[in-house]
């Protein structure tokens with residue numbers, strides 16, 4: 001159920017400010033693609049255009065096309081709500097709903113649109129999603145406890161469980177480990193490796209080792225200076241990016257000779 | 001050199017005093033005395049009420065106004081107070097939450113500010129003005145409505161005998177609803193605005209529509225605040241004196257809420273206090289004590305409701 005993403009000459013704006021300029025890329029299905037680059041280069045902004053979360057910010061807009069298996073996400077008749085059901089998202093800081101139990105959190109997306117689930121179906125989906133997020137064994141005895149009582153790493157996996165419960169085709173992750181300790185980070189990285197069997201995963205990370213560890217392909221974004229738009233410098237197999245990049249800027253960045 | 005060594009070598013020094021800064025001491029002192037002061041005021045008020053009310057409780061029942069003892073005197077007033085406040089809350093709460101959501105999540109930013117300002121202005125209107133508006137404008141308008149209710153729903157005791165003047169407990173309740181609207185609105189708006197963006201985006205990213213986002217992220221997060229706002233509004237409605245005293249044509253207890261009759265504790269006190277003396281005065285103060293206790297109970301219930309789901313408040 002995973003799908004391929006094609007981006008054609010996408011410009012991303014905040015009001016009149018051009019934040020990301022002219023990105024064209026292809027993201028392969030059932031693979032992990034990492035976005036790396038310095039702070040402010042627009043990689044998170046660009047990621048949020050892939051499920052139309054960018055336009056949630058007042059004044060934010062895009063120009064260009066994002067095709068998921070040939071279908072333009074920005075077509076005039078496309079409802080962003082449906083896009084987001086197809087393209088799930090995990091945020092930088094774990095954000096389970098504090099007023100909901102662990103189980104309610106997992107089912108939050110499914111029970112939207114007044115969709116009714118039978119009890120057994122709900123139990124089954126909860127278990128499947130939590131297993132899918134490698135969290136089931138840790139929380140199976142306290143599904144009715146609040147999600148905010150879990151550790152940061154567990155909360156982040158709960159958010160992943162919540163995202164996969166609605167069976168998206170693509171999962172976007174915006175620096176999912178930046179608020180986590182190394183052990184929780186490893187748990188998430190292992191999970192990302194398993195997720196790519198079923199989903200197309202796109203991950204933004206500040207941590208180059210992480211990009212090297214989890215991704216199949218890596219995109220390097222850069223920015224010419226403050227106030228200038230971010231640009232995609234190159235996208236290639238992760239190994240190529242880290243060992244034999246074609247662009248000088250990429251080489252400088254991955255080898256730490258940046259700036 | 002190590003700290004451990006030093007401790008074993010020193011022959012039991014006096015425990016060092018923790019460092020205390022003057023500013024901290026002053027601030028703690030001010031905060032503590034403010035806290036104590038509010039308790040003293042509360043105790044003072046309660047003591048005054050209890051001591052002055054005692055004669056009304058112990059007096060011979062035929063000496064109390066109405067001639068049947070304090071309980072028969074007070075319960076119609078309790079009924080009137082409760083009914084008018086409940087009607088006011090029921091009318092005001094949905095509207096207030098709607099306005100608050102509109103300001104916080106729907107209105108364009110250019111519009112949200114002015115609307116909020118107008119609502120806050122409503123809170124600044126003195127209750128006497130509301131009372132006169134209720135008497136002069138609203139009550140005559142309500143007369144035909146009450147007639148219609150009597151003609152069509154008159155078989156329900158509440159809607160028997162519609163008043164033509166409109167000076168009824170329902171009219172008073174509607175005015176109370178308008179009066180408490182700004183309180184509930186501004187408290188709710190503040191908590192809605194504080195909903196973490198992270199939670200709103202979590203809901204949107206799951207494919208929630210705007211309304212679903214509000215239902216999953218904003219309303220549950222704002223629940224304690226909404227309840228707090230309702231309780232503040234209820235407090236004002238329970239204690240409102242002037243507006244009710246002006247609008248309502250008071251009388252004995254009746255189920256017919258759209259007829260004149262009934263009264264509330266504060267209105268009864270205000271109307272009778274100027275000429276009261278002796279036991280009559282004690283009776284009115286006892287009525288005040290009852291109002292005090294009702295308000296206290298309402299607040300405790302609200303606290304209980306808010307606390308019950310503390311675990312899920314996100315504060316942990």
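Assorted remarks:
- Segment B:224-258: number of residues that are in contact (Cβ under 8 Å) with a residue 40 or more places away in the chain and assigned to a helix (DSSP H, G or I): 21
- Residue check for residue B:274: part of a helix (DSSP H, G or I), out of contact with any helix residue (DSSP H, G or I) (no Cβ under 9 Å at 6 or more places or on another chain), farther than 27 Å from residue B:164 by Cα and more than 14 Å from chain A (Cβ to nearest Cβ): yes
- Taken as a whole, segment B:29-45 holds at least one residue that is in contact with a helix residue (DSSP H, G or I) (Cβ under 8 Å, 6 or more places away or on another chain), surrounded by 10 or more Cβ atoms within 10 Å (Cβ to Cβ) and either at pLDDT below 95 or assigned to a helix (DSSP H, G or I) (or both).
- Unmet requirement for residue B:281, which otherwise passes all of (1) modelled with pLDDT of 90 or more; (2) not in a helix (DSSP H, G or I): (2)
- Of all residues making up segment B:175-202, the number that are buried (at least 22 other Cβ atoms within 10 Å of the Cβ) and more than 28 Å from residue A:80 (Cα to Cα): 11
- Screening the candidates A:187, A:165 for the property of being within 24 Å of residue A:108 (Cα to Cα), at pLDDT 90 or above and more than 13 Å from the chain's Cα centre (by Cα) yields one hit, A:165.
- Among the residues of segment A:192-214, those that are outside any strand (DSSP E or B) and in contact with a strand residue (DSSP E or B) (Cβ under 7 Å, 6 or more places away or on another chain) comprise A:192, A:195, A:196, A:199, A:205, A:208, A:211, A:214.
- Filtered by the rule that a residue be over 26 Å from the mean Cα position of the chain (by Cα), more than 17 Å from residue B:272 (Cβ to Cβ) and touching a residue at least 24 places away in the same chain (Cβ under 8 Å), segment B:43-83 gives B:54, B:57.
- Filtering segment A:174-193 to residues that are out of contact with any helix residue (DSSP H, G or I) (no Cβ under 7 Å at 6 or more places or on another chain) and closer than 14 Å to residue A:213 by Cβ leaves A:182, A:185, A:186, A:190.
- Test: residue in segment A:41-58 that is assigned to a helix (DSSP H, G or I), out of contact with any strand residue (DSSP E or B) (no Cβ under 9 Å at 6 or more places or on another chain) and within 14 Å of chain B (Cβ to nearest Cβ): yes
- The set of residues in segment A:215-249 being surrounded by fewer than 24 Cβ atoms within 10 Å (Cβ to Cβ) and either under 16 Å from the mean Cα position of the chain (by Cα) or in a helix (DSSP H, G or I) (or both) consists of A:216, A:217, A:238, A:239, A:240, A:242, A:243, A:248, A:249.
- For segment A:196-214, a residue qualifies if it is surrounded by fewer than 23 Cβ atoms within 10 Å (Cβ to Cβ) and touching a residue at least 24 places away in the same chain (Cβ under 8 Å), and the qualifying residues are A:196, A:197, A:198, A:206, A:207, A:208, A:210, A:212, A:213.
- Which numbered condition residue A:98 misses (of (1) in contact with a strand residue (DSSP E or B) (Cβ under 8 Å, 6 or more places away or on another chain); (2) at pLDDT 90 or above): (2)
Each row is one residue, and each column tells you yes or no for (1) more than 11 Å from every other protein chain (Cβ to nearest Cβ); (2) out of contact with any helix residue (DSSP H, G or I) (no Cβ under 9 Å at 6 or more places or on another chain); (3) closer than 17 Å to residue A:52 by Cα; (4) at pLDDT 90 or above.
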| residue | (1), (2), (3), (4) |
| --- | --- |
| B:181 | yes, no, no, yes |
| B:192 | yes, no, no, yes |
| B:204 | no, no, yes, yes |
| B:218 | no, no, no, yes |
| B:230 | yes, no, no, yes |
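The values are calculated or read from the model by the stated rules, or taken from the named source; none is laboratory data. Note that the coordinates shown come from a computational prediction; the quantities given were computed from them, not determined experimentally. Counting neighbours? That spans all protein chains shown, and the Cβs are built from the backbone with ideal geometry, glycine included.
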